[in-house]
Amino acid sequence: MEIKIVKNIMEAVEGEAQLVRDLLKEKRVMMVNLIGSPGSGKTTLLEKTLSLLKDRLSMGVIEGDVATDKDAIRLQKYDIPIALINTDGACHLEPVTIRKALGEFDLDKTDIIFVENVGNLVCPAEFDIGEHFKIAISSVTEGHDKPEKYPLLFNECGLVVLNKIDLIQYTDFDKEYYISSVRKLNGKVGVLEVSCRMDQGLEGWVDWLTGALSKVKNS
Amino acid sequence: MHELSIVENLLKVIESAAAENGISRVTMVNLKIGKLRQVVPEMFQFAFDTAKIGTVAESAEVKINFVPAKAVCRDCGREFAVEDNFFVCEGCNGVDVDVIEGKELQIESMEGE
C-alpha cells in the first residue's frame, strides 16, 4: 500500500523553534546565534562584547560545546548569567535544548541572549533555534574560500564578522574575493572587519547590535 | 553530521504516519530534499540504515529526490534558478531575493503493508 503524506520532516524541530520565538517576543529579548569554525574567535568576540556593553545592557550567554566548560569559564569573569549546554558529541544546538536553557535566565530583565553555537560551519546553519539573527564569524586565517564552501550559513546570516583582520598581511587572504563571494550568496548582508584581539572595528559590531536590538524591542 | 538529526526526525514522522495508516512494516520512503540543505546522500543513507533498526522502517528503502534551488527577485519579480550558489537576479542583478525552492526537507510518500 502506498500512502501520500506530504509532511515536513523537521516539523517537530520547527515547532520548538517557534516556541522559542514566541517566548522571546513576549519577553522582548533579542537572541543572536554565533556560528563559526573552531578558533574563528566566537568566544573572544563574546568577551569583548560583554565588556563593552555590560554597563548599558543586560545580557546572557548560552554556551554550546561538544565537551568541557572551558568557554563558560572564560566568560565567568563578566558576571553575567551563563547556561552551558554540552552536546556530548552532537555538532549543533537544537531548539529544544535552547528552550530549556532559556529557563535559566530572568528574561524579564534581559536584553540580549547570545548563543555560542558548536564550532562548525555546516550543521548549526541547518537548525533554526528560534534566533533573531545568525551571525557568521570567520577569520582571515581560515582562508577566503569559506563563503563558497559553506553557502547555507552565509546565505542565511544577518551579519558577517570577519575577524583577525590585523593578521591579514601575514596571510594570502583575498579580501575582495571573500566579500564578493559573500555578496553572491547574500547581497544584503553587511561584512564587518574586526580584530577582537586588537580591539579593531568593534564599534561597528556594537552599533549593529544596538541597532538590531532597538528594532527587536520596537517590533 | 546533521544527517543523523534529520533521520531521527524523519523516523518519528514515519512512525506516526505508519500508526495512523495501520502499516506495520514500511518498505519504501520517498523524500524531497532541497539542494541548499547540504545533505550528503551517502551520509544520509548511512544514518538512515543505522537509525531505522528496531523501528517500523527497519526494512525500508529510502529514495531522495533532490530539489534544485530557485529564488524570486523582490525588485523585478523574476523567478530564477540559483546555480553555483549565485543568489543574484539574472534579470536586473538585484540582490534582494527570496529563496522559494531548495530548502525542502519533506516526506512525500511511503509504502508499506
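Structure above, values below:
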quantity	calculated
Members of the range A:152-167 found to be among the polar types (S, T, N, Q) and part of a helix (DSSP H, G or I), listed by number	A:ASN155
Qualifying position, being in a loop (DSSP other than H, G, I, E, B) and open to solvent by less than 30 Å² (accessible area, probe 1.4 Å), among B:CYS89, B:CYS76	B:CYS89
Tally of residues being more than 21 Å from A:VAL194 (Cβ to Cβ), at the interface with another protein chain (Cβ under 9 Å from one of its Cβ atoms) and either open to solvent by 10 Å² or more (accessible area, probe 1.4 Å) or assigned to a loop (DSSP other than H, G, I, E, B) (or both) across the range A:121-151	5
Hits in the range B:8-17 - residues which are modelled with pLDDT of 95 or more and open to solvent by less than 10 Å² (accessible area, probe 1.4 Å)	B:LEU10, B:ILE14
Residue in the range B:19-36 that is closer than 18 Å to A:LYS184 by Cα, open to solvent by less than 50 Å² (accessible area, probe 1.4 Å) and within 13 Å of chain A (Cβ to nearest Cβ) present	yes
Exclusive hit being under 30 Å from B:GLU113 (Cβ atoms) and either in contact (Cβ under 8 Å) with a residue 12 or more places away in the chain or within 14 Å of another protein chain (Cβ to nearest Cβ) (or both), set A:GLU47, A:GLU16, A:GLU11	A:GLU11
Candidates A:ILE113, A:ILE35 - the one that is at pLDDT 95 or above, within 14 Å of another protein chain (Cβ to nearest Cβ) and under 30 Å from B:GLU104 (Cα atoms)	A:ILE35
Selection count where residues are within 14 Å of another protein chain (Cβ to nearest Cβ) and over 23 Å from B:GLY112 (Cβ atoms), scope the range B:37-48	5
Residues located in the range B:18-38, provided they are without any contact (Cβ under 8 Å) to a residue 40 or more places away in the chain and closer than 29 Å to A:ALA125 by Cα	B:GLN38
Filtered residues of the range A:75-96 (kept if in contact (Cβ under 8 Å) with a residue 24 or more places away in the chain, farther than 16 Å from A:VAL29 by Cα and out of contact with any helix residue (DSSP H, G or I) (no Cβ under 6 Å at 6 or more places or on another chain))	A:LEU75, A:ASP79, A:THR87, A:ALA90, A:LEU93, A:GLU94
Number of positions in the range A:105-132 that are touching a residue at least 40 places away in the same chain (Cβ under 8 Å) and more than 13 Å from A:VAL29 (Cβ to Cβ)	11
Flag for B:LEU36 being farther than 12 Å from B:VAL7 by Cβ and aliphatic (A, V, I, L, M)	yes
Any hit, the range A:195-216, residues being touching a helix residue (DSSP H, G or I) at 6+ places or on another chain (Cβ under 9 Å) and within 14 Å of another protein chain (Cβ to nearest Cβ)	no
Residue in the range B:49-73 that is farthest from B:GLU108 (Cα to Cα), counting only those that are assigned to a strand (DSSP E or B) and more than 20 Å from the chain's Cα centre (by Cα)	B:CYS73
Contacts under 9 angstrom Cβ, first residue in the range A:194-219 being modelled with pLDDT under 95 and surrounded by fewer than 19 Cβ atoms within 10 Å (Cβ to Cβ), partner in a helix (DSSP H, G or I) and among the charged types (D, E, K, R), 6 or more apart	A:SER219/A:LYS25
Matching option when the condition is at pLDDT 95 or above and either under 21 Å from A:LYS188 (Cβ atoms) or open to solvent by 50 Å² or more (accessible area, probe 1.4 Å) (or both), among B:ASP49, B:ASP96	B:ASP49
Test result for A:ARG21, away from chain B (no Cβ under 11 Å), open to solvent by 30 Å² or more (accessible area, probe 1.4 Å) and in contact with a helix residue (DSSP H, G or I) (Cβ under 6 Å, 6 or more places away or on another chain)	no
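Condition check ((1) among the acidic types (Asp, Glu); (2) farther than 30 Å from B:GLU15 by Cα; (3) more than 9 Å from chain A (Cβ to nearest Cβ); (4) touching a helix residue (DSSP H, G or I) at 6+ places or on another chain (Cβ under 6 Å)) across all residues:
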residue: B:PHE66; (1), (2), (3), (4): no, no, yes, yes
residue: B:CYS73; (1), (2), (3), (4): no, yes, yes, no
residue: B:VAL95; (1), (2), (3), (4): no, yes, no, no
residue: B:GLN106; (1), (2), (3), (4): no, no, no, no
residue: B:SER109; (1), (2), (3), (4): no, no, no, no
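The values are calculated or read from the model by the stated rules, or taken from the named source; none is laboratory data. Model, not experiment: these values are computed from the prediction. Cβ atoms come from the backbone with ideal geometry, glycine included; neighbour counts cover every protein chain shown. Each accessible area value is taken on the protein alone, full model and side chains, heavy atoms only, with ligands, DNA and RNA left out. Shrake-Rupley method; radii C 1.70, N 1.55, O 1.52, S 1.80 Å.
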